[in-house]
1. Compute for region 525-564: radius of gyration divided by Kirkwood radius, i.e. Rg/Rh, restricted to C-alpha atoms, rounded to two decimals.
2. Rounded to the nearest whole Å², what accessible area per residue is found for the chain with the 1.4 Å probe?
3. Among 109-116, 195-202, 70-77, how do they line up from the highest to the lowest mean number of other beta-carbon atoms within 10 Å?
4. So if I take the centroid of the Cα atoms in region 620-666 and the same for region 121-177, what is the distance between those two points in Å?
5. Nearest 20 debye, what's the magnitude of the dipole of region 65-130 about its Cα centre given +1 on Lys and Arg Cβ and -1 on Asp and Glu Cβ?
6. Just the accessible area for THR392, please: 1.4 Å probe, Å², rounded to the nearest 10?
7. Taking the Cα centre of the chain as origin, sum charge times position over the Cβ atoms of Lys and Arg (+1) and Asp and Glu (-1), and report the length of that vector in debye to the nearest 20.
8. Calculate the radius of gyration of the Cα atoms of region 53-154 to one decimal place, then report Dmax, the largest Cα-Cα distance, as a whole number, both in Å.
Amino acid sequence: MGVFDVDYNKVNEIEDLPYDVEITNHTWIEMSDGTKLSAKIWQPKGLGVTKGTVLEFLPYRKDDFTALRDEIRHKYFAGNGFTAMRVDIRGTGDSEGIIEDEYHLSEQDDAIDIISWIEDQSWSNGSVGMIGKSWGGFNGLQVAARQPKALKTIISLCSTDDRYADDVHYRGGVMMASDMLWWASTMFAYNARPPFPQFVGDSWYDMWMNRMENTPPFVEEWVSHQRRDEFWKHGSIGENYNDIKIPVLTMSGWADGYTDAVYRLMDNLNVPKKGVIGPWAHEFPDLAIPGPQIGYLQECADWFSKWFVEDQSQVEHEDEFHIYIQDSVEPSTSYEYREGQWIDVYAEEFESVDILSHFHDEIALANNQHHGLYSGVFCPFGQEGDLAADQTIDNALATTISVDAAEELSIAGQAKLNVRVKSSHDEANLHVRLTDVHPNGKRTLITKGQLNLNHVNSHENPEKLPIDKYIDAEILFDVIGYTVPAGHSIEISFAPSYWPLMWASKDKVELTVDLNNSSLHLPYVENYTPVEMKYNSAEMATPLEKEIIEEGYRTRNAINDLTTNDWILDDYSNEGKRFLPHLGITYGTENHNIYTINNDDPLSAAVQCDWTAVVEDADIKTEIKTESLMTCDYENFYLVNRLTGYNNGEEVFNKEWKKTVKRDFN
């Protein structure tokens with residue numbers, strides 16, 4: 001199943017919605033600078049003024065790549081009396097202009113213009129809510145912080161309040177080899193796709209050429225900002241949570257890459273709010289795996305109805321925060337369902353236990369460059385191969401200690417490691433994992449954390465480490481809800497390397513950890529009271545007709561070249577090819593990523609990400625091919641991006657970008 005596909009076997013279709021729905025596939029909305037953005041609109045028939053407007057603002061193309069998921073959700077909103085809108089960000093889909101970067105200031109400005117446009121429409125009641133997962137969750141938070149008057153609430157899924165600490169670029173101050181180039185290469189290919197002449201007319205070709213020529217490879221800017229500087233503070237609403245004045249509904253899943261932000265938003269926002277964390281990957285909670293799913297659209301419709309009012313101060317509200325405590329499970333790279341229980345965070349008492357309290361040794365850490373190949377991906381979408389495999393090999397490649405679980409332990413929240421550590425070199429990273437060891441010896445990843453030790457005092461102003469002198473550092477783990485049964489054990493694995501989730505250090509560093517002066521506190525809850533979610537069954541609108549031209553598939557292989565001792569993670573994903581009869585559009589992608597490192601040479605680290613994207617209709621037949629490469633030496637990172645465009649099988653565009661960026665404590 002492709003990332004943007006919808007499994008119709010899982011769609012619980014509701015045919016008798018309160019309103020019939022009329023759809024406008026394309027209308028122009030003019031921005032303040034004259035640029036026109038393309039919008040698709042779903043509206044309830046028979047309502048002169050609707051119950052409010054639900055806005056989703058994305059670069060992922062409303063006509064093809066998000067069309068399937070948009071239809072089942074936005075049509076549902078319209079069928080319940082709301083106007084629903086999907087707008088292509090400038091420079092993407094059918095919208096004019098150039099997309100300069102993710103979450104650019106112009107994107108926020110455009111969103112405010114769109115909201116103003118909505119206010120002026122005859123069908124608008126003056127209330128707007130932004131909704132979105134990932135990119136749309138990010139910009140919902142960012143636009144809310146700008147405080148446009150008509151924006152009454154946001155629903156933000158799988159997003160973050162801190163673009164440096166919690167995204168695909170850096171985690172714990174460490175560059176993410178797994179995602180830095182991969183996500184940039186994804187957008188490099190996505191942004192190069194053409195608009196459709198059936199909507200933009202004869203200008204489509206010039207718009208396409210302009211995109212390919214002038215849309216930058218985002219990775220060049222991202223690698224140029226290796227510290228938490230103003231570049232990353234822009235769009236990070238955690239800089240001032242009080243900028244958000246409206247109610248927020250936020251959701252994520254334990255298998256997602258953005259779950260930590262839900263806890264921070266619930267702790268720091270001073271507005272009416274609700275948080276939900278399920279077992280899910282980076283997907284909408286009505287179809288996400290692992291299950292159980294929830295009635296996400298019913299929750300959204302309730303939330304909008306509640307807050308689309310003139311005077312929100314008169315609304316009765318109590319904050320809610322529900323999380324799903326997962327049962328222990330043997331390792332697998334994909335789950336359809338996770339057994340467990342929902343709990344009400346605000347109704348439970350949480351405690352903490354230090355699982356390092358009985359350790360008093362100094363331990364020298366093994367440093368194997370290929371440690372981490374069984375980690376799974378940073379941000380799973382629910383594809384086969386996404387999740388962490390059995391951790392036995394990775395635990396053997398790290399330095400691992402064990403704690404027996406004499407009693408059941410339901411971990412719930414964010415573990416914290418306070419560690420005393422010394423390094424043989426003045427630059428180093430530290431990675432730590434917790435593993436559930438089953439009686440049969442299988443090992444399931446529970447949670448993990450990492451830190452660029454040069455950032456121990458500040459992500460803004462990193463410093464050289466003292467050589468062979470202990471420092472004290474704090475590492476926060478990814479939040480988790482997971483029950484370790486009595487009779488199992490918990491393994492704690494330490495390592496200076498974790499490929500490819502951490503880019504390799506310049507040197508093969510030797511780290512020593514003083515366990516006697518370290519602690520690892522696990523938050524836990526016991527004797528909790530399970531609760532039921534309000535909507536256990538997901539409702540959706542009638543899906544679009546689609547024809548599957550080519551089924552997708554995914555392979556993910558860890559390979560050791562015995563002649564060179566190179567270790568290769570080869571990850572290939574064919575998203576398949578789909579035809580949408582309502583617009584006559586055919587689309588599909590292929591993505592091949594290769595992560596290479598030699599166990600004896602951290603400077604051998606290399607990532608290559610290649611994409612092919614096909615977009616066709618009755619008027620055009622186009623194909624995009626991209627190649628992106630990232631390598632390093634002791635001083636620099638080296639970036640190469642190539643883009644080739646084909647029209648009717650003939651090459652019409654070819655360009656190469658090269659950039660060298662100095663390493664900055666990474």
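1. Result for region 525-564 is an Rg/Rh of 1.31.
2. Solvent-accessible surface per residue comes out at 36 Å².
3. Ranked from most to least packed, the peptides come out as 70-77, 109-116, 195-202.
4. After rounding, the separation between the Cα centres reads 29 Å.
5. Details: 5 positive and 14 negative charges, 113 e Å.
Using Cβ point charges on Lys, Arg, Asp and Glu, region 65-130 gives about 540 debye.
6. Counting only protein heavy atoms, the figure is 60 Å².
7. Details: 54 positive and 111 negative charges, 123 e Å.
Rounded to the nearest 20 debye, it is 580 debye.
8. For region 53-154, the Cα radius of gyration and maximum Cα-Cα distance read 12.8, 36 Å.
The values are calculated or read from the model by the stated rules, or taken from the named source; none is laboratory data. Predicted, not measured: the structure shown is a model, and the values here were computed from it. Neighbour counts are summed over all protein chains in view; Cβ atoms, including those assigned to glycine, are modelled from backbone coordinates with ideal geometry. SASA here: full protein model, heavy atoms, side chains in, ligands and nucleic acids out. Shrake-Rupley method; radii C 1.70, N 1.55, O 1.52, S 1.80 Å.
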